[in-house]
Amino acid sequence: MTAGTLVQNPPAETPPPCMNLLDADEFRLRGHQVINLIADYWCRMGDYPVRPNVTPGFLRDELPTNAPPMAEPDAWDSALQDIRDLILPGMTHWQSPRHFAHFPASSSTAGALGEALIAGINVVPFTWAASPAAAELEMVVVDWLGKALHLPESLLFAGGGGGTLLGTSCEAILCTLVAARDRKLAEVGWRSIGDLVVYCSDQTHFSFRKAARIAGIQRGHVREIPTSLHDMFALSPAALKAAMQADVDAGLIPLFLCATVGTTQTTAVDPIRGLCAVAATHGVWVHVDAAYAGSALVCPEFCHVVDGVEAVDSFSMNAHKWLLANNDCCALWVKKPAALVAALGTEQEYILKDAGAEGHDVVDYKDWTMTLTRRFRALKLWLVLRCYGVEGLRGHIRSHVRMAATFEELVRDDARFEVVTDRHFALVCFRLLSTDRLGGEKKVNELNRRLLEEVNAATLGPYMSAANAGGIYMLRCAVGSTLTEERHVREAWKVVQEQATSLLRKMQTVRV
Ligand code: PLP
């Protein structure tokens, strides 16, 4: 091959490229169409069943197997029509006011338009120099959010710590675990990696086990400490202490505790103060995963759930779950950013060298995470905080908590049901009790599994999910969609009651 053959000119017959790649007029025109489509979707949200009535392959069968070789003549119009006709009807509508499953993927005008701005401006703020305003806005906005959530100053830039905006809690947990690992290995010697042990409860999100694998922690060295209904599925400091002591006695090295405020299944709250006291005796890094419940900390009345948080090493929450910041926006704060940078920082490549920033108190965020390419998430969060204000966010959280309390009351008023776990935030975990005394827990679980199926099968009914903690199967009603109003909660409960009545009647008929 000669040097000349490396540069391939397009064949002479290739048509000219589309000229509207970044054309302002085209953008204005299409932008209005897209915004209208989204606005219409929001207006019609209540008309869609939360989950589509489709079977696997429904969309793949409709679409061509190859991308069009040439731009389609009416690409925009036909694609927008396909979104209306094929895509939207085939979606689970996370923004539906009747979506009560999982945790919310909260959405707002500021969050959605923030995403549009991020895409339109499209910078890559990996270093300060790569986009100075983006780097500095991120530093400002994580301190704003940290203060709004009443986090201790030691986690903020203002107090010697600092924060960053990542995509997900999975990333936050992995990055902090790697920072803790390297800090510990620097102290005890790099050959000891096989002796490191990490701790969590049996309710901790699976992302922690995944992170431990990626970080090179031996599979048998993840201690999942059992919890029970008696403790409302919270991690017990005494059990943690015993587990750590047993490891130390066996010559192993306790490294990291992932505590959770608002577990995925039942929103259990691990007692941070007691856990930190245990961890401190072994020099263990404590991370708090508050992916869902962190948003509630904007309200002073919820701050008791993080009692003792001054002692943690790092803290993360998803502003895209319940704080109106649209996917994705996970805020991570660390007390000692140097530990993150020591583990994840790279010697600056020549092209990233930045004489202007050297010696200044600014951040190269590529050194705080795994990726080089990053999104300008700060812009969106800044917009959300400015447009709604801390008081507005409090109102948003409180309205969901109030609606969840209403749902809880409705459950308690019906003697056929029980609320299984304490409601801390806006999730109610409940179940139908069996009228049949035979069959035990297994039978009650089966009854509730069937109930959930029936509830979710109701056209225009609610969509809920399930938890199974301590062998107890329960239905989860997570209030958190931006569009949910009290009437949706009351209607959802009516569907649950109706389906329960019908299920119990069917069972009685079978028995007779
Ligand atoms: N931690 C908790 C407590 C969660 O509930 C979730 C997801 O629901 C996660 C972590 C994972 O979050 P992400 O999808 O942002 O990684």
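The values are calculated or read from the model by the stated rules, or taken from the named source; none is laboratory data. Since the model is a prediction, treat every value here as computed from it, not as a measurement. Glycine gets a Cβ as well: all are built from the backbone with ideal geometry, and neighbour counts include every protein chain shown. What goes into the accessible areas is simple: the full protein's heavy atoms, side chains included, and nothing from ligands, DNA or RNA. Shrake-Rupley method; radii C 1.70, N 1.55, O 1.52, S 1.80 Å.
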Residue ID - farthest from the ligand (Cβ to nearest atom), chosen from residues in the stretch 290-304 that are open to solvent by 10 Å² or more (accessible area, probe 1.4 Å) and touching a residue at least 60 places away in the same chain (Cβ under 8 Å): P300
Residue in the stretch 498-508 that is on the phi < 0 side of the Ramachandran plot, open to solvent by 30 Å² or more (accessible area, probe 1.4 Å), touching a strand residue (DSSP E or B) at 6+ places or on another chain (Cβ under 7 Å) and not charged (D, E, K, R) present: no
Residue count for the stretch 391-450, restricted to those that are of a type in the set (F, W, Y) and either within 22 Å of C299 (Cβ to Cβ) or open to solvent by 30 Å² or more (accessible area, probe 1.4 Å) (or both): 2
Positions within the stretch 241-275 being away from the ligand (no atom under 16 Å from the Cβ), open to solvent by less than 10 Å² (accessible area, probe 1.4 Å) and either without any contact (Cβ under 8 Å) to a residue 40 or more places away in the chain or in contact with a helix residue (DSSP H, G or I) (Cβ under 6 Å, 6 or more places away or on another chain) (or both), in sequence order: P254, L255
Subset tally (residues that are assigned to a loop (DSSP other than H, G, I, E, B) and charged (D, E, K, R)) for the stretch 87-121: 1
Odd one out for E491, checked against (1) assigned to a strand (DSSP E or B); (2) surrounded by fewer than 20 Cβ atoms within 10 Å (Cβ to Cβ): (1)
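Among the residues of the stretch 311-323, are any of a type in the set (K, R) and within 16 Å of the ligand (Cβ to nearest atom)?
In the first step, residues of the stretch 311-323 are kept if they are of a type in the set (K, R); the result is 321.
Cutting the leftovers down to within 16 Å of the ligand (Cβ to nearest atom) gives us 321.
Yes, there is a match, as at least one residue in the stretch 311-323 is of a type in the set (K, R) and within 16 Å of the ligand (Cβ to nearest atom).
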From C170, C175, residue being open to solvent by 10 Å² or more (accessible area, probe 1.4 Å), within 16 Å of the ligand (Cβ to nearest atom), of a type in the set (A, V, I, L, M, F, W, C) and in a helix (DSSP H, G or I): C170
Selection within the stretch 151-167 - of a type in the set (A, V, I, L, M) and within 16 Å of the ligand (Cβ to nearest atom): L165, L166
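Taking the condition more than 16 Å from the ligand (Cβ to nearest atom), among the β-branched types (V, I, T), open to solvent by 40 Å² or more (accessible area, probe 1.4 Å) and not in a loop (DSSP other than H, G, I, E, B), does V124 pass?
Values: more than 16 Å from the ligand (Cβ to nearest atom): yes; among the β-branched types (V, I, T): yes; open to solvent by 40 Å² or more (accessible area, probe 1.4 Å): yes; not in a loop (DSSP other than H, G, I, E, B): no.
The answer is no for V124.
So which residues in the stretch 203-228 are among the small types (G, A, S), touching a residue at least 12 places away in the same chain (Cβ under 8 Å) and more than 16 Å from the ligand (Cβ to nearest atom)? Let's see the steps before the verdict.
Initial filter on the stretch 203-228 (among the small types (G, A, S)): 207, 211-212, 215-216, 220, 228.
Going one step further and asking which of them are touching a residue at least 12 places away in the same chain (Cβ under 8 Å), we end up with 207, 211-212, 215-216, 228.
Listed by number, the residues that qualify are G216, S228.
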Matching entry among L80, L63, L37, L59 (being more than 30 Å from R476 (Cβ to Cβ), open to solvent by less than 80 Å² (accessible area, probe 1.4 Å) and not in a helix (DSSP H, G or I)): L63
Selection within the stretch 453-488 - open to solvent by less than 10 Å² (accessible area, probe 1.4 Å) and either of a type in the set (G, A, S) or in a helix (DSSP H, G or I) (or both): V455, G461, A467, A469, A478, G480, S481
Cβ-Cβ under 9 Å pairs, at least 6 apart or on other chains, the stretch 168-193 side farther than 17 Å from C258 by Cα, far side open to solvent by 50 Å² or more (accessible area, probe 1.4 Å): L185/R191; L185/I193; A186/A342; V188/D195; I193/Q218
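Determine whether C200 is within 21 Å of the chain's Cα centre (by Cα), within 13 Å of the ligand (Cβ to nearest atom) and open to solvent by 20 Å² or more (accessible area, probe 1.4 Å). Outline the logic, then answer.
Numbers: within 21 Å of the chain's Cα centre (by Cα): yes; within 13 Å of the ligand (Cβ to nearest atom): yes; open to solvent by 20 Å² or more (accessible area, probe 1.4 Å): no.
Here the answer is no, as C200 does not meet what is asked.
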Odd one out for T281, checked against (1) over 17 Å from G308 (Cα atoms); (2) more than 16 Å from the ligand (Cβ to nearest atom); (3) surrounded by fewer than 24 Cβ atoms within 10 Å (Cβ to Cβ): (1)
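Looking only at the stretch 40-56, how many residues end up being outside any loop (DSSP other than H, G, I, E, B) and open to solvent by 60 Å² or more (accessible area, probe 1.4 Å)?
So in the stretch 40-56, the residues outside any loop (DSSP other than H, G, I, E, B) come out as 40-43, 45-47.
Next, from what is left, pick out any that are open to solvent by 60 Å² or more (accessible area, probe 1.4 Å): 40, 42-43, 47.
Selection size over the stretch 40-56: 4.
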